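Below: the structure, in structure tokens.
The values are calculated or read from the model by the stated rules, or taken from the named source; none is laboratory data. As the structure is a prediction and not an experimental result, all values here were calculated from the model. Here Cβ is always computed from backbone atoms with ideal geometry, including for glycine, and neighbour counts include all displayed protein chains. Heads up: the accessible areas ignore ligands, DNA and RNA and are worked out on the full protein's heavy atoms, side chains in. Shrake-Rupley method; radii C 1.70, N 1.55, O 1.52, S 1.80 Å.
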Amino acid sequence: MPAGVGVGPGNGKAYPGNLTPFVTVTCIVAAMGGLIFGYDIGISGGVTTMAPFLQKFFPEVWDKKEANKSTNQYCQYDSETLTLFTSSLYLAALVASVVAATVTRKLGRKLSMLFGGLLFFAGALVNGFAKAVWMLILGRILLGLGIGFANQSVPLYLSEMAPYRYRGSLNIGFQLSITVGILVANVLNFFFAKIKGGWGWRLSLGGAMVPALIITIGSVVLPDTPNSMIERGQTEEARTKLKKIRGVNDVEEEFKDLVAASDASKLVEHPWTNLLQRKYRPHLTMAVLIPFFQQFTGINVIMFYAPVLFNTIGFGDDASLMSAVITGIVNVVATMVSIYGVDKWGRRFLFLEGGVQMLICQAVVAACIGAKFGTSGNPGDLPKWYAIVVVLFICIYVAGFAWSWGPLGWLVPSEIFPLEIRSAAQSVNVAVNMIFTFLVAQVFLAMLCHMKFGLFLFFAFFVVVMSIFVYFFLPETKGIPIEEMNQVWRSHWYWSRFVEDHDYPNGDMEMSKGGLGPKNV
Ligand code: BGC
């Protein structure tokens, strides 16, 4: 077999193409779009434990925290304005992702990325100079609009650019950037919190301008994807670009499939209403359930509130920020494991392994916190080993998420939608992700206050449900060209009843018997 040519499992189609330096660099630059999202996730949790920040903008939270020092630890941070600050961003991102559906489809993936960078930059500027709570919230709304555009377009861009056999790894560059963004933000918080004069939080929030500039400049220099160029009528340019991206001259077969996908796409005038058609039921289900489940792993309890949480279980302010740095490092390293394995072991293996790992850790953490804090929330003296055990299991939990639901929550939706609904369906994915990120951010502190250690069991329950769902309903998508994805539904024991051969432009494909049959859901 010539170098760079592979055969996707069970399909018989193989597009020639290599992992060229061009496509690698392009994907690395585009993946940096994840930095803005990650930076924000990491910054907001840390900033909200900085005393000068709380005293200036949320004095009632500060007073309560001080007054509660020796009593109920579960409820010390419970404040609606504070959670509104954290979560306003996600509502804005939701709105932007809907607008981005049209921009991404009609004007190209690049333009959505550019809007993402510019809006995020504006938000960082307003936040860095904030003088009142309204400025903080306005800044966060702008940041959210930026994230909505970027998260809608970057994963699609990566999945379309990548040669199909490396699509998983290249796409997970997005999640890697998210985790690097979170880590950098956690480290900066740690140092900025120490600045005398108490204005370190301004640097933390204003620092978001740096990742914003990276994606803004990146989006200007990047090429658009051949899929998107064809969709917008630039057919010949797309053919030349495809040759350059794949590093071979023989791109006719892939090119023909892209054109066929684009022709089918042109027949669709209303991608939104189209999504409701019966033949798109599997896609719509995944666009809704994957992000829903990703958020109900409970990961953002750790990401947003790790310092708050560690504070709650008895760490000092400094140790809490430090522990957030440790979970941040685990998050980055474990994501690399996923980059390594996703195109070898497949998506389903990672989903299921990650699920079991998270479940065990959630049970242990619930038991540890329950044993010491009980329902009164007053732990008395906490031995050091105790805190170490809790942090250790939280790290193992984060690793489980970081090689499963974290990256796959963005990868799988971006690779399963046919072109005609791709942009709209991806917006549904982002919007659902944002709604539930919002909900978790909004109600977590109140939930911790009321459900106490039971909160971890609540998320553990969902991890069981999502793992069962993956086992029965999520087909393997590794090694299948993106415009050939229909075959995984057609040969699935459950989804095959919704899709039919003639529903797709490329429905003439040869299926290898048994490759993706019902037993191989
Ligand atoms: C999720 C975020 C989460 C992050 C953690 C992302 O995939 O969408 O909500 O905070 O992973 O690394």
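Selection of helices (runs of 4 or more DSSP H) fully inside segment 164-277 by the criterion of at least 2 residues being over 17 Å from Glu483 (Cα atoms) returns 167-192, 200-206, 209-221, 235-246, 271-274.
Give Trp495, Trp410 a once-over and let me know the one that is more than 20 Å from Leu94 (Cα to Cα) and modelled with pLDDT of 90 or more. Walk me through it before giving the result.
Numbers: Trp410 fails: more than 20 Å from Leu94 (Cα to Cα).
Among Trp495, Trp410, only Trp495 is more than 20 Å from Leu94 (Cα to Cα) and modelled with pLDDT of 90 or more.
The residue that is nearest to Glu476 (Cα to Cα), among those in segment 150-191 that are within 13 Å of the ligand (Cβ to nearest atom) and of a type in the set (Gly, Ala, Ser), is Gly173.
Of all residues in segment 400-430, exactly one satisfies the criterion of being open to solvent by 10 Å² or more (accessible area, probe 1.4 Å), assigned to a helix (DSSP H, G or I) and within 13 Å of the ligand (Cβ to nearest atom), namely Phe401.
Picking from residues in segment 97-119 that are in contact with a Leu (Cβ under 7 Å, 6 or more places away or on another chain) and among the aliphatic types (A, V, I, L, M), the one that is nearest to Asn429 (Cα to Cα) is Val103.
So for segment 213-236 (the condition being out of contact with any Lys or Arg (no Cβ under 6 Å at 6 or more places or on another chain) and within 16 Å of the ligand (Cβ to nearest atom)), does at least one residue qualify? Looking through segment 213-236, none of the residues is out of contact with any Lys or Arg (no Cβ under 6 Å at 6 or more places or on another chain) and within 16 Å of the ligand (Cβ to nearest atom). Mind checking which residues of segment 73-131 are modelled with pLDDT under 95, part of a loop (DSSP other than H, G, I, E, B) and among the aromatic types (Phe, Trp, Tyr)? Tyr77 - this is the single residue of segment 73-131 that is modelled with pLDDT under 95, part of a loop (DSSP other than H, G, I, E, B) and among the aromatic types (Phe, Trp, Tyr). Can Thr327 be described as assigned to a loop (DSSP other than H, G, I, E, B), open to solvent by less than 60 Å² (accessible area, probe 1.4 Å) and within 13 Å of the ligand (Cβ to nearest atom)? No.
Taking Phe115 as the residue in question, decide whether it is free of Cβ contacts under 8 Å to residues at least 60 places away in the same chain and open to solvent by 10 Å² or more (accessible area, probe 1.4 Å).
For Phe115, the condition - free of Cβ contacts under 8 Å to residues at least 60 places away in the same chain and open to solvent by 10 Å² or more (accessible area, probe 1.4 Å) - is met.
Considering segment 346-359, the residues that are touching a residue at least 24 places away in the same chain (Cβ under 8 Å) and open to solvent by 10 Å² or more (accessible area, probe 1.4 Å) include one that is farthest from Tyr397 (Cα to Cα), namely Arg348.
When you look at Ala319, is it among the hydrophobic types (A, V, I, L, M, F, W, C), away from the ligand (no atom under 16 Å from the Cβ), open to solvent by 10 Å² or more (accessible area, probe 1.4 Å) and not in a loop (DSSP other than H, G, I, E, B), yes or no? Walk me through how you get there before you give the answer.
Working: among the hydrophobic types (A, V, I, L, M, F, W, C): yes; away from the ligand (no atom under 16 Å from the Cβ): yes; open to solvent by 10 Å² or more (accessible area, probe 1.4 Å): yes; not in a loop (DSSP other than H, G, I, E, B): yes.
Yes: the conditions hold for Ala319.
What do you reckon, is Val210 more than 17 Å from the chain's Cα centre (by Cα) and either within 16 Å of the ligand (Cβ to nearest atom) or at pLDDT 95 or above (or both)? Here the answer is yes, as Val210 does meet what is asked. Against the conditions (1) open to solvent by 40 Å² or more (accessible area, probe 1.4 Å); (2) within 13 Å of the ligand (Cβ to nearest atom); (3) in contact with a Ser or Thr (Cβ under 6 Å, 6 or more places away or on another chain), Val333 satisfies every one except (3). Given the condition within 16 Å of the ligand (Cβ to nearest atom) and either assigned to a helix (DSSP H, G or I) or open to solvent by less than 10 Å² (accessible area, probe 1.4 Å) (or both), answer yes or no: does some residue in segment 379-392 qualify? No, there is no match, as no residue in segment 379-392 is within 16 Å of the ligand (Cβ to nearest atom) and either assigned to a helix (DSSP H, G or I) or open to solvent by less than 10 Å² (accessible area, probe 1.4 Å) (or both).
Looking only at residues in segment 250-274 that are under 22 Å from Pro163 (Cα atoms) and of a type in the set (Ser, Thr, Tyr), the one that is modelled with the lowest pLDDT is Ser265.
I'd like the residue in segment 259-287 that is under 26 Å from the mean Cα position of the chain (by Cα) and open to solvent by 60 Å² or more (accessible area, probe 1.4 Å) and, out of all such residues, is farthest from the ligand (Cβ to nearest atom). Walk me through it before giving the result.
Taking segment 259-287 as the starting set, the residues that turn out to be under 26 Å from the mean Cα position of the chain (by Cα) are 271-276, 280-287.
If we keep only those that are open to solvent by 60 Å² or more (accessible area, probe 1.4 Å) as well, we get 272-273, 276, 281.
Values: Trp272: 23, Thr273: 27, Leu276: 25, Arg281: 24 Å.
Looking at residues that are under 26 Å from the mean Cα position of the chain (by Cα) and open to solvent by 60 Å² or more (accessible area, probe 1.4 Å), I get Thr273.
What about Glu484, is it away from the ligand (no atom under 15 Å from the Cβ), open to solvent by less than 40 Å² (accessible area, probe 1.4 Å) and closer than 17 Å to Leu284 by Cβ? Spell out how you get there, then give the answer.
Working: away from the ligand (no atom under 15 Å from the Cβ): yes; open to solvent by less than 40 Å² (accessible area, probe 1.4 Å): yes; closer than 17 Å to Leu284 by Cβ: no.
Spelling it out, it is not the case that Glu484 is away from the ligand (no atom under 15 Å from the Cβ), open to solvent by less than 40 Å² (accessible area, probe 1.4 Å) and closer than 17 Å to Leu284 by Cβ.
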